[in-house]
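Novice: Before I ask anything, let me first share the structure, which is written out below as structure tokens.
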Amino acid sequence: MKLDILAIGVHPDDVELSCSGTLLKHQAEGKITGVLDLSLGELGTRGSAELRKQEAAAAAKIMGLSFREHLDFKDGFFQNDEAHQRALICQIRRLQPDIILANAVSDRHPDHARAAKLVADSCFYSGLIKIETRHAGQIQKAWRPKAVYHYVQDQYIHPDFVIDVSDWHQKKHASIMAYSSQFFNPGSKEPETPISSPEFLNSLDAKMSLWGRAMGVAYAEGFTVNRYPGVNSLFDLL
């Protein structure tokens, strides 16, 4: 399977919270999208790895993804080293995405920035023909995505560009709430966390509304870039 867009998150729900509207929008335009979770978020205070896996599958169904899998990286303890890079390179070459969406370059959770660098480095190395990887016993061809964009997560980062996701706001919210163990549930007996309050979900909408206002729409998602994007015309920016 070749993907147009692959969104990578170190934890299940990273993608839903940060860029699911963008995936939904591009799916509606006929693009093939998928999600790769690096871990199962097993260190999370609420729920369990198995439950997060089930919730991720439910969210994938809501979003209509063409692909969703997870790698067995250790939540909290994975490293940006050769072993982890090779595992990720294998998936990049297997799926051949033109665009990769990755974790925030800086955030409250230390896993997010570490994953952002791991993904960016792996995308570069995936294009080097002298790095050999195999999938299903076959040597893979080198593949480098055309672009890597980093979504914004908990901490506010001024985005380099924003995407109008107003028409997909409700479905994005539904995909987030597939993670019933993690977010606001008045009947839950689990411990309270920084993301389990209704205020947290309200803050997501507020952030999206702020970015949307900049382009005259209701809701938008923000992204940062490592290298500036090029456009063919000033009218592409309208």
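Novice: Within the stretch 119-142, is even one residue modelled with pLDDT under 95 and of a type in the set (A, V, I, L, M, F, W, C)?
Specialist: Checking the stretch 119-142: at least one residue is modelled with pLDDT under 95 and of a type in the set (A, V, I, L, M, F, W, C).
Novice: Right, another one. Any idea which residue in the stretch 103-126 is farthest from Asp81 (Cα to Cα), counting only those that are open to solvent by less than 60 Å² (accessible area, probe 1.4 Å), touching a strand residue (DSSP E or B) at 6+ places or on another chain (Cβ under 9 Å) and among the hydrophobic types (A, V, I, L, M, F, W, C)?
Specialist: This residue is Ala104.
Novice: Considering each residue of the stretch 214-238, count those that are part of a strand (DSSP E or B) and either farther than 19 Å from Lys25 by Cα or out of contact with any helix residue (DSSP H, G or I) (no Cβ under 9 Å at 6 or more places or on another chain) (or both), and give that number.
Specialist: 2
Novice: Taking Trp211 and the conditions (1) under 26 Å from Gln91 (Cβ atoms); (2) assigned to a helix (DSSP H, G or I); (3) open to solvent by less than 30 Å² (accessible area, probe 1.4 Å), which numbered condition does it fall short on, given that it satisfies the others?
Specialist: (1)
Novice: Which residues, taken from the stretch 22-47, are in contact with a Lys or Arg (Cβ under 8 Å, 6 or more places away or on another chain) and crowded, with 18+ Cβ neighbours inside 10 Å?
Specialist: Of everything in the stretch 22-47, those that are in contact with a Lys or Arg (Cβ under 8 Å, 6 or more places away or on another chain) and crowded, with 18+ Cβ neighbours inside 10 Å turn out to be Leu24, Ile32, Gly34, Val35, Leu36, Asp37, Ser39, Leu40, Gly41, Gly44.
Novice: Consider only pairs whose beta carbons are under 7 Å apart and that are at least six residues apart or on different chains; among these, list those whose first residue lies in the stretch 36-64 and is assigned to a loop (DSSP other than H, G, I, E, B) and whose second residue is open to solvent by 40 Å² or more (accessible area, probe 1.4 Å) and modelled with pLDDT under 95.
Specialist: Close Cβ pairs (under 7 Å, with a partner that is open to solvent by 40 Å² or more (accessible area, probe 1.4 Å) and modelled with pLDDT under 95) amount to Thr45/Pro191; Arg46/Glu190; Arg46/Pro191.
Novice: Go through the stretch 71-85 and report how many residues are open to solvent by 60 Å² or more (accessible area, probe 1.4 Å) and closer than 13 Å to Glu42 by Cβ.
Specialist: 3
Novice: Could I ask something else about it? Within the stretch 136-150, can one find any residue that is part of a loop (DSSP other than H, G, I, E, B) and of a type in the set (Val, Ile, Thr)?
Specialist: No: the stretch 136-150 contains no residue that is part of a loop (DSSP other than H, G, I, E, B) and of a type in the set (Val, Ile, Thr).
Novice: Which condition number in (1) surrounded by 16 or more Cβ atoms within 10 Å (Cβ to Cβ); (2) in contact with a Lys or Arg (Cβ under 8 Å, 6 or more places away or on another chain); (3) farther than 23 Å from Tyr219 by Cβ; (4) at pLDDT 95 or above is the one that Val148 fails?
Specialist: Status for Val148: all satisfied but (2).
Novice: Would you point out the residue of the stretch 151-200, among those that are in contact (Cβ under 8 Å) with a residue 12 or more places away in the chain and basic (Lys, Arg), that is most open to solvent (accessible area, probe 1.4 Å)?
Specialist: Among residues in the stretch 151-200 that are in contact (Cβ under 8 Å) with a residue 12 or more places away in the chain and basic (Lys, Arg), the one most open to solvent (accessible area, probe 1.4 Å) is Lys171.
The values are calculated or read from the model by the stated rules, or taken from the named source; none is laboratory data. Treat the numbers as computed from the prediction; the structure is a model and nothing was measured. We place every Cβ from the backbone using ideal geometry, glycine too, and count neighbours over all the protein chains shown. All accessible areas refer to the heavy atoms of the entire protein, side chains included, with ligands and DNA or RNA removed. Shrake-Rupley method; radii C 1.70, N 1.55, O 1.52, S 1.80 Å.
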